[in-house]
Amino acid sequence: MADSALGTAVGPDGKPRCPWGLSTPDYVAYHDVEWGRQVRGDREIFERLSLEAFQSGLSWLTILRKRENFRKAFAGFDLAAVAEFGDDDVARLLADAGIVRNRAKINAAITNAGAALELKDGLSDLFWGYADPDRPAPRTLADLPAQTPASAALAKDLRKRGFAFTGPVTVYAAMQACGLVNDHLAACFARDAR
């Protein structure tokens, strides 16, 4: 049941959630346990940034359901391993029906692994330097931006450092996923569970 004043939807367990978090069981689990929770660590940030890039133009549900396949295909998102991927690996990935087979996105993940290894303080520290924890709580989905000045600045910084497929919208989605911003709706039970 949707709450028109707050934008939340009440699930069968009686908990108010961001309405997208009730559309499928996959989303319920992702919303309740993972999305918006603070994530740190270069591998962890790299994984989420890569998955958000693969999601571009597709449903997040597609990526979520293929996530384990992505982890296997991309060596657990180990930066050093992915940075070493060559032509044979690209061919293997393009033939892997378990992931999104897009050459530009595959090449971007490999490029980004190498760029992340070049960061003096690491990818996690770079990302968290752009955290925006004090944004007001969104009341409805209409209050959620596609990008913010912080995501635009981080995207520009990433591109300057050699990253690819990291525009401000993709970066903002990664920021949301990693808890750099708290975009759970104001009345969502998960907002304060971070």
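Taking all protein chains in place and a 1.4 Å probe, what share, in percent, of the accessible surface of the chain do carbon and sulfur account for? Intermediate results must be reported in sequence, preceding the final value.
Working: 4670 of 9000 Å².
C and S atoms contribute 52 percent here.
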With springs only between Cα atoms under 10 Å, which of Pro19, Pro168, Pro145 fluctuates most in a Gaussian network model of the chain? Pro145
How high is the FRET efficiency between Val90 and Val10 when r is their beta carbon distance and R₀ equals 35 Å, given to the nearest 0.05? 0.15
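Report, in debye and to the nearest 20, how large the dipole of the range 81-153 comes out about its Cα centre when Lys and Arg carry +1 and Asp and Glu carry -1 on their Cβ.
On the way: 7 positive and 11 negative charges, 68 e Å.
Dipole size: approximately 320 debye.
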Might you report the magnitude of the Cβ-based charge dipole of the range 35-194 about its Cα centre, with Lys and Arg at +1 and Asp and Glu at -1, to the nearest 20 debye? 380
In degrees from 0 to 90, rounded to the nearest 10, what is the angle of the helix 42-55 Cα long axis to the longest principal axis of the chain? 80
Which order do Ser124, Ser23, Ser56 take by accessible area at a 1.4 Å probe, largest first? Ser23, Ser56, Ser124
Hey, if you drop one equal point scatterer on each alpha-carbon of the chain and run the Debye formula without solvent, what base-10 log of I(q)/I(0) do you get at q = 0.14, 0.17 Å⁻¹? -0.79, -1.11
What's the extension gain from Val33 to Leu58 if we count 0.36 nm per residue and subtract their Cα-Cα distance? 6.8 nm
Listed residues Thr111, Phe189, Val82: farthest to the positive end of the dipole of the range 59-191 (Cβ charges): Phe189
Efficiency of FRET between Asp143 and Ala104 - r from beta-carbon atoms, R0 35 angstrom, step 0.05: 0.65
On the Cα set of the range 66-158, report Rg and Dmax in Å, please. 16.4, 48
Suppose the chain between Glu118 and Ala75 were pulled fully straight at 0.36 nm per residue; how much longer would it get relative to their current alpha carbon spacing? 13.6 nm
The helix 149-160 Cα axis meets the longest alpha-carbon principal axis of the chain at an angle in degrees, between 0 and 90 and rounded to 10, of 10
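Can you classify the range 16-62 as rounded, prolate or oblate using the Cα gyration tensor, where a ≥ b ≥ c are the square roots of its eigenvalues, rounded means a/c under 1.5, and otherwise it's prolate if a/b beats b/c and oblate if not? Numbers along the way, then the final one.
Values: a/c = 2.85, a/b = 1.35, b/c = 2.12.
Oblate.
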Largest-first ordering by accessible area, 1.4 Å probe, given options Tyr27, Tyr172: Tyr27, Tyr172
Over the chain, with the other protein chains present, what is the accessible area per residue in square angstrom, probe 1.4 angstrom? 46
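The values are calculated or read from the model by the stated rules, or taken from the named source; none is laboratory data. Keep in mind that this is a model prediction, so the values were computed, not measured. All Cβ positions, glycine included, derive from the backbone under ideal geometry; neighbour counts span all protein chains shown. What goes into the accessible areas is simple: the full protein's heavy atoms, side chains included, and nothing from ligands, DNA or RNA. Shrake-Rupley method; radii C 1.70, N 1.55, O 1.52, S 1.80 Å.
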